[in-house]
Amino acid sequence: MKRLTCAGCEETLSEADIALGYDVCLSCVRVRHYTSVKYNRTCHCGKKSRATEIKNMADRRWVGCERCLGVITQLS
């Protein structure tokens, strides 16, 4: 069964996105590209950001954004 909501912002996907088999809407694709290329992987979603639980790797801890896959807050 195809996903009917966007994996990033949880809004309803358009018919074209569903027909092509995409999981993410075009606005989330744009902001993910913007985050990965331009601003050193920090979140710039503003009010649309969706925080994840605290993630950690070795001695680094951070809160990520599900919409742009960037870092919202660096904890340590």
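For the pair Asn56 and Leu4 in one chain, pulling the backbone fully straight at 0.36 nm per residue adds 15.7 nm over the alpha carbon distance. Remark on Cys25: its backbone amide H falls under 5 Å from those of Ala7, Gly8, Cys9, a criterion applied only to residues 5 or more positions apart or on other chains, H modelled at 1.01 Å from N.
Here the 3J(HN,Hα) profile of region 4-15, calculated from phi with Karplus coefficients 6.51, -1.76 and 1.60 at θ = phi - 60°, is 9, 10, 5, 6, x, 10, 6, 8, 5, 6, 6, 4 Hz, Gly and Pro shown as x. Computed about the Cα centre, the dipole magnitude for the chain is approximately 320 debye when only Lys and Arg (+1) and Asp and Glu (-1) carry charge, each at its Cβ. Separation of region 30-62 and region 1-28, taken as the distance between their Cα centroids, equals 20 angstrom. When each of the peptides 13-21, 43-51, 60-68, 28-36 is scored by how many other beta carbons lie within 10 Å of its residues on average, the order from highest to lowest is 60-68, 28-36, 43-51, 13-21. Relative contact order for region 15-74: 30 percent, from Cα pairs under 8 Å spaced at least 6 residues apart, divided by residue count. Which FRET efficiency, nearest 0.05, do Leu69 and Ala19 yield, Cβ-Cβ r, R0 25 Å? In this case the efficiency is close to 0.55. Dividing the summed -39500 (n - 2.57) terms of all DSSP H runs of n ≥ 4 by the residue count of the chain sets its mean residue ellipticity at 222 nm at -6500 deg cm²/dmol.
A short reminder: the numbers here are calculations on the coordinates, not readings from a lab. The shown structure was predicted, so the numbers you read here are calculated from the model rather than taken from an experiment. Because the Cβ atoms are built from the backbone with ideal geometry, glycine has one as well, and the counts that use them run over all protein chains shown.
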